[in-house]
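What follows is a short report on a single structure.
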Amino acid sequence: MLRPYLHLVRAGFRRHSIYLAASLAGLFTNTVFGLLRVAVLLAVVGQTGSAAGYDAADTGTFVWLGQGLLAVVMIWPDRELAQRVRSGDVAIDLGRPWNLQPALLAQDLGRAGHAMLIRFGPPVLFGALVLPFRWPHSPWTVLVFALSTVLAVVISFAARFLLDLTAFWLLDNRGVATVYAAATGVLCGLTVPVAYFPDPIRIALYATPFPAMLQTPIDVFGERGATAALLGHQVLWAALLLAAGQLVLARATRKLVVQGG
Amino acid sequence: MDSVRILLRLLRSRVRSQLAYPTSFALDALGQAIAQANELAVILIVFAQVDSLGGFSREEVLLLYGLAGISFGLADLAVGQLDELPRWIRTGELDVLLARPLGVLSQLVTSDLQLRRLGRAGVGVLVLAAVLAYGQVEPTPVNVLLVLVTPLVGATITASVWVMTCSISFWVVEGRELANAFTYGSTLTTAYPITVFGPWLRRLFCYAVPSAFVAYFPTLALLDRPDPLGLPHALRYAAPLVAVAAVLVAALVWRTAVRRYQGAGS
């Protein structure tokens, strides 16, 4: 039952390992953005020694983990499925003896695994060596961080899957995807820690899945906040978004008309 | 003259085709505006924590941001489609452009004028208007001229950097990602006082890539305040000269790149 999905995880990993040059170029860009972002945030911290509970080392850790996880979690949608919906190729995907959502999730986990090796390690190591950085105190934290990162990938995938499904109704979902991509950077804690936000906005943000995609694994690594609550929030959103994906997929499949030829 | 008329006709047809799907267009423009407002949100959130950043107050940083935002939006509108250059090269479509009796760059630029990118410039205009209304800048004739000219000069500098860095794609297959570090990276280096960046970042991303001339130096002139780094006074009015130099260098790099391009024979 599970075997084919495990194969898909491997296939996702191998597919992305082919484009090593692309990964390296992405790495360079992540590192430049990391350096610029950390400079701005350190200027904020520098005056008082800490801001919103972040000192210099916390800030470095926040920026470099964010730049590293960005490609792993893939907070910006690639619209691959949406384009298959538009072209009609999705009919082939739906005809295969699998459930489309877990099949794509398996491939996405493989992709994320590859990104973890190539896109996460180097910027984090670079940041840790060159700038103030805070390693976790407890060795267990690394394990919990791994779990939290997997959950973050699942949540991000489930959100992107729903986004792609809008193409069944809109045909061209580029506008929706642009708005999503534009908003995630600030909402999930890539550009500025969620803790910086004024309280009402911060609380409202946790009523959305966005912080669970990036800020939560970073918080787990930085050992801030109650781990159980953070992981619970992630599990809840993963379950909700995956279930919503199944529901919408079922409706979309019923709507789909395959025209011959 | 003929080629100008052809390019204008091409542009008109691109504009018409984009307005054919108004809902998608409106959402797209909104997305661009939100993307631009990202950094605005960061600035506002940061100033909820501190009163000054790199020695500049919130209104002063917003003035920088407004000028930088319009510059980036206009540059993106003019040359943003160069991001697609790797695709043109990979698919061999560039060969078609080379065979036509028009400049390659002008064809690429008119190939896909994305009006939705005006959403970005729009956010910059709004912020700039708000800061000016707030009375940050003395309304002298020189300042009025500066406010009008700076975004155009800034857009020229940003667009030159765009052309220069996208030329990497002629040598490196993944040139687009590399170029992103300089093109989209400039949204950070232009919108903040250069005092927040360390000496090395400043040399590379503010002077060598002349981001500091897009908004920072003109802003010093507008606010009539001394440079915290103690740089020469003349620099604050030097942006137009830097823009001319940037255009010349970009043209040279682009020409060299196109000359050495060999099609894949596809």
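Values quoted throughout were computed directly from the atomic coordinates according to the rules given, and no laboratory measurement underlies them. Computed from a predicted model, the values in this text were never measured in an experiment. FYI the Cβ positions are ideal-geometry reconstructions off the backbone, even for glycines, and counts take in every protein chain you see.
How large are Rg and Dmax for the protein assembly as shown when only the alpha carbon atoms are used, in Å?
So, for the protein assembly as shown, Rg and Dmax equal 23.8, 76 Å respectively.
How far is the Cα center of the stretch B:1-54 from the Cα center of the stretch A:172-210, in Å?
Centre-to-centre distance over Cα atoms comes out at 20 Å.
State whether chain B is rounded, prolate or oblate according to the following rule on the C-alpha gyration tensor (a ≥ b ≥ c being the square roots of its eigenvalues): a/c under 1.5 gives rounded; otherwise a/b larger than b/c gives prolate, and the remaining case gives oblate.
Judged from the Cα gyration tensor, chain B comes out prolate (a/c at least 1.5, a/b above b/c).
Among A:Tyr180, A:Gly232, A:Tyr206, pick out the residue whose Cα is farthest towards the positive end of the charge dipole of the stretch A:108-261, where Lys and Arg carry +1 and Asp and Glu carry -1 on C-beta, about the Cα centre.
About the Cα centre, the residue reaching furthest to the positive side is A:Tyr180.
Give the distance, in whole Å, between the Cα centre of the stretch B:191-242 and the Cα centre of the stretch A:66-103.
Here the answer is 44 Å between Cα centres.
Whole-Hz ³J(HN,Hα) for each residue in the stretch B:130-137, computed from phi via Karplus 6.51 cos²θ - 1.76 cosθ + 1.60 with θ = phi - 60°, x for glycine and proline: what do you get?
Along the stretch B:130-137, the couplings run 5, 5, 5, 5, 6, x, 6, 10 Hz.
Of the candidates B:Gly119, B:Gly230, B:Gly103, which one comes out as most mobile in a Gaussian network treatment of chain B with C-alpha springs shorter than 10 Å?
B:Gly230
Would you calculate the volume per residue, in Å³, of the smallest convex hull containing every Cα atom of the stretch A:3-255? Present the calculation step by step, with values, prior to reporting the outcome.
On the way: hull volume 33.6 nm³, N = 253.
Hull volume over Cα atoms, normalised by residue count, gives 133 Å³.
For A:Leu8, what charge total do you get from the other residues with a beta carbon under 14 Å from its beta carbon, if Lys and Arg give +1 and Asp and Glu give -1? Walk me through the intermediate numbers first.
Details: positive: A:Arg3, A:Arg10, A:Arg14, A:Arg15, A:Arg96, A:Arg111; negative: A:Asp93, A:Asp108.
Within the 14 Å Cβ shell, the charges total +4.
Please compute the modelled spin-label separation between B:Arg259 and B:Phe25, points set 7 Å along Cα→Cβ, answer in nm with one decimal.
In this crude label model, B:Phe25 to B:Arg259 measures out at 4.1 nm.
Over chain B, what is the relative contact order in whole percent, taking alpha-carbon pairs under 8 Å and six or more residues apart?
26
Net charge near B:Leu126, counting Lys/Arg +1 and Asp/Glu -1 over other residues with Cβ under 14 Å of its Cβ? Spell out each step's value before the answer.
On the way: positive: B:Arg120; negative: B:Glu39.
In short, 0.
Per DSSP helix of 4 or more residues, -39500 (n - 2.57); summed, then divided by the residues of the protein assembly as shown. What does that give at 222 nm, rounded to the nearest 500?
Values: 27 runs with 369 residues, N = 527.
Computed mean residue ellipticity for the protein assembly as shown: -22500 deg cm²/dmol.
From the phi of every residue in the stretch A:219-236, what ³J(HN,Hα) in whole Hz does the Karplus formula 6.51 cos²θ - 1.76 cosθ + 1.60 yield, where θ is phi - 60° and glycine or proline is x?
Those phi angles translate into 5, 4, 4, x, 6, 10, x, 6, 4, 4, 5, 4, 5, x, 4, 5, 4, 4 Hz.
Give the residue from B:Gly31, B:Val50, B:Tyr65 lying farthest towards the positive end of the charge dipole for the stretch B:11-92; charges sit on Cβ (+1 for Lys and Arg, -1 for Asp and Glu) and the dipole is referred to the Cα centre.
B:Gly31
Please list, in chain and number order, the residues 5+ apart from B:Val209 or on another chain whose amide H is under 5 Å from its amide H, with Hs placed from the backbone.
Close amide H contacts, sequence-distant or interchain: none at all.
Residue by residue through the stretch B:161-178, what is 3J(HN,Hα) from phi via Karplus (6.51 cos²θ - 1.76 cosθ + 1.60, θ = phi - 60°)? Round to whole Hz and write x for glycine and proline.
4, 4, 4, 4, 6, 5, 4, 3, 4, 6, 9, 10, 5, 9, x, 4, 4, 4
Taking the 0 to 90 degree range and rounding to the nearest ten, how far is the long axis of helix A:121-130 tilted relative to the main principal axis of chain A, both from C-alpha atoms?
10
For a Förster distance of 45 Å, can you work out the FRET efficiency between the beta-carbons of A:Ala239 and B:Leu126, rounded to the nearest 0.05? Provide the component values of the computation, followed by the final result.
On the way: r = 40 Å, r/R0 = 0.90.
Once the sixth-power term is evaluated, E becomes 0.65.
If you place +1 on the Cβ of every Lys and Arg and -1 on the Cβ of every Asp and Glu, how big does the dipole about the Cα centre of the protein assembly as shown come out, in debye to the nearest 20?
Working: 39 positive and 29 negative charges, 302 e Å.
Here the protein assembly as shown has a charge dipole of around 1440 debye.
Please report the net charge: other residues with Cβ closer than 13 Å to the Cβ of B:Gly69, K and R +1, D and E -1.
Numbers: positive: B:Arg117, B:Arg120; negative: B:Glu39, B:Asp76.
Neighbourhood net charge equals 0.
Between B:Val249 and B:Gln136, what FRET efficiency comes out of the Förster formula 1/(1 + (r/R0)^6) with R0 = 35 Å and r the beta carbon distance, rounded to 0.05?
Details: r = 33 Å, r/R0 = 0.95.
About 0.60, to the nearest 0.05.
Using the alpha-carbon centroid of each, what span in Å lies between the stretch B:112-142 and the stretch A:1-65?
About 32 Å separates the Cα centre of the stretch B:112-142 from the one of the stretch A:1-65.
What dipole magnitude, in Debye to the nearest 20, does the stretch A:3-255 give about its Cα centre under +1 on Lys/Arg Cβ and -1 on Asp/Glu Cβ?
Dipole size: approximately 760 debye.
Within the stretch B:171-199, whose backbone N sits under 19 Å from a point 7 Å along Cα→Cβ of B:Leu98?
Once the point is set 7 Å along Cα→Cβ of B:Leu98, B:171-176 turn out to lie under 19 Å by backbone N, inside the stretch B:171-199.
Given a cut-off of under 8 Å on Cα pairs at least six residues apart, what relative contact order in percent is computed for chain A?
27
Among B:Pro240, B:Pro139, B:Pro210, which one moves the most in a GNM of chain B with springs linking Cα atoms closer than 10 Å?
With Cα springs under 10 Å in chain B, the top fluctuation among B:Pro240, B:Pro139, B:Pro210 is at B:Pro139.
To the nearest 20 debye, what is the magnitude of the charge dipole of the stretch B:80-215 about its Cα centre, counting +1 on the Cβ of each Lys and Arg and -1 on the Cβ of each Asp and Glu? It would help to have the intermediate numbers written out before the result.
On the way: 9 positive and 8 negative charges, 24 e Å.
It comes to approximately 120 debye.
If you take the charge dipole of the stretch A:3-255 about its Cα centre, with +1 on Lys and Arg Cβ and -1 on Asp and Glu Cβ, which of A:Gly222, A:Leu249, A:Ile118 is farthest toward its positive end?
Of the candidates, A:Leu249 comes out farthest on the positive side.
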